[in-house]
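Have a look at the structure below, then the notes.
The values are calculated or read from the model by the stated rules, or taken from the named source; none is laboratory data. This one's a predicted model, so the numbers in the text were calculated from it and none came from an experiment. A quick note on method: Cβ atoms are made from the backbone with ideal geometry, for glycine too, and the neighbour counts reach across all protein chains shown. Ligands, DNA and RNA are stripped out before the accessible areas are found, and what is left, the full protein with its side chains, is counted by its heavy atoms. Shrake-Rupley method; radii C 1.70, N 1.55, O 1.52, S 1.80 Å.
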Amino acid sequence: MSNAPLTNETVHRVSFLDKASLHIPILRILQADGTTYENAVLPVIDKALADKIFDTCVFTRVLDERMLGAQRQGRISFYMTCTGEEASIIGSTAALDKDDVILAQYREHASLRYRGFTTEQFMNQMFSNEKDLGKGRQMPIHYGSRELNYQTISSPLATQIPQATGVAYGMKLQGKRNVAICYFGEGAASEGDFHAGLNMAAVLKSPTIFFCRNNGYAISTPTEEQYAGNGIASRGVGYGMHTIRVDGNDMLAVLAATQQARAHALEHNAPVLIEAMTYRLGAHSSSDDPSGYRSKEEEAKWQQHDPVKRFKLWMVNKDWLTEADEAKLFERYREEVLAAVKVAEKLPIPKLDEIIEDVLDKPTPALRKQLKELKEHISKYPKAYPKSAGRL
């Protein structure tokens, strides 16, 4: 098969293309008042699915509110919210099969909740206690769950993108009817791993959904300083893959786009790029102060596009939800999260011996020597290491 450019047109004078040459529409289904646009084609959704999506939205809002507060109180060291991006994250996750593999960036804890991660599991990870699945080796919000097919978060940006290509390609070779979905921000799309991952997926026909949360800022860097092209979607077209741009604050648009992206990826063993145009309503992280790079007026404008409120209004319009239902759900999760915090923060950290496990079949003599020296040091200065001193 020829790898020549797909064009039948020949010209005889110089004619350049620019970013305006490619028209990329944005998919919208839900309006701000919860009604759908005329002639909009809705995704496959029933009341049970809508209830699960909204339940996840409420839990995530409560978790973000409570745990950011816990960080400010010094109870945990770090936190990141996904406030304002719930439709992008939950809407896409709801379109997947439970055996599809999720490779997240760091703001997708709502995906994990949608799949069944318990409140206690969230707390155990953030407090790095003995029940943490990661054995206390990751900073807060760096979750992972083999049971839920959610690969462990890695802090370095964009490393998950080529990995997702390989995960999906491996499942294809095994004959599995599943995809990998890879989340990242528009800032991560400036990393070399983005280009390597997408090109590899397109060439090898890896059934990967690349999901870009274009939330306006790469920490403090606005999109106009991040790229000069037509967003991230244009790059998918450049790499020869099916691409769509959606309103990332429209739950139904994200759900519809991801349902069809998954169907295409499986039918054609090919990757798809989704660019969700959204906005990070909170700070980048608990270490960030957004007042230094954006105005209160800008934030207030985007508050009017709150994805949870828009989806709630749609459910209310369908008589699937009442204000009382919502209030009870918020109250229930506020109590549940607070109770789980009080339990998790009192549990001891993992035993020190576990620090050299899980990499090698048998720890090397050098590792054992280092562990012995570490224990001797902690035993000598127990007041400097109050948590570790009790786990020798």
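Observations on the structure shown:
- Count - residues of the stretch 174-186 that are closer than 20 Å to TYR217 by Cβ and more than 14 Å from the chain's Cα centre (by Cα): 0
- Unique residue being touching a helix residue (DSSP H, G or I) at 6+ places or on another chain (Cβ under 6 Å), of a type in the set (A, V, I, L, M) and within 25 Å of TYR293 (Cβ to Cβ) when the list is ALA196, ALA233, ALA218, ALA189: ALA218
- Residue pairs meeting the criteria (Cβ under 6 Å; at least 6 apart or on separate chains; first open to solvent by less than 80 Å² (accessible area, probe 1.4 Å), in the stretch 30-45; second of a type in the set (S, T, N, Q) and assigned to a loop (DSSP other than H, G, I, E, B)): none
- Some residue of the stretch 192-210 being assigned to a helix (DSSP H, G or I), within 28 Å of CYS57 (Cα to Cα) and aliphatic (A, V, I, L, M): no
- Listed by first and then second residue, the pairs with beta-carbon distance under 8 Å, at least 6 apart or on different chains, first residue in the stretch 214-225 and closer than 13 Å to ALA276 by Cα, second polar (S, T, N, Q) and surrounded by fewer than 20 Cβ atoms within 10 Å (Cβ to Cβ), are ASN214/THR223; GLY216/THR223.
- Any hit, the stretch 223-232, residues being farther than 21 Å from SER21 by Cα and open to solvent by less than 40 Å² (accessible area, probe 1.4 Å): no
- Tally of residues being in a helix (DSSP H, G or I) and open to solvent by less than 90 Å² (accessible area, probe 1.4 Å) across the stretch 8-29: 2
- Number of positions in the stretch 252-281 that are open to solvent by 20 Å² or more (accessible area, probe 1.4 Å), assigned to a loop (DSSP other than H, G, I, E, B) and closer than 19 Å to GLN105 by Cα: 1
- Considering the stretch 107-162, and only residues there that are in contact with a Lys or Arg (Cβ under 8 Å, 6 or more places away or on another chain) and among the basic types (Lys, Arg), the residue that is farthest from ALA94 (Cα to Cα) turns out to be ARG107.
- Scanning the stretch 46-81 for residues that are over 21 Å from ALA339 (Cβ atoms), in a helix (DSSP H, G or I) and open to solvent by 50 Å² or more (accessible area, probe 1.4 Å) returns LYS47, ALA48, ASP51, LYS52.
- Test: residue in the stretch 290-306 that is among the aliphatic types (A, V, I, L, M), assigned by the TED database to the domain that holds TYR106 and open to solvent by less than 30 Å² (accessible area, probe 1.4 Å): no
- Residue ranges of helices (runs of 4 or more DSSP H) in the stretch 83-183 with at least 1 members among the acidic types (Asp, Glu) and in the same structural domain as VAL341 (by the TED database): 86-93, 119-126
- Being acidic (Asp, Glu) and at pLDDT below 95 is a property that ASP306 lacks.
- Residue satisfying condition, being free of Cβ contacts under 8 Å to residues at least 40 places away in the same chain, of a type in the set (Phe, Trp, Tyr) and open to solvent by 20 Å² or more (accessible area, probe 1.4 Å), within set TYR114, TYR143, TYR169: TYR169
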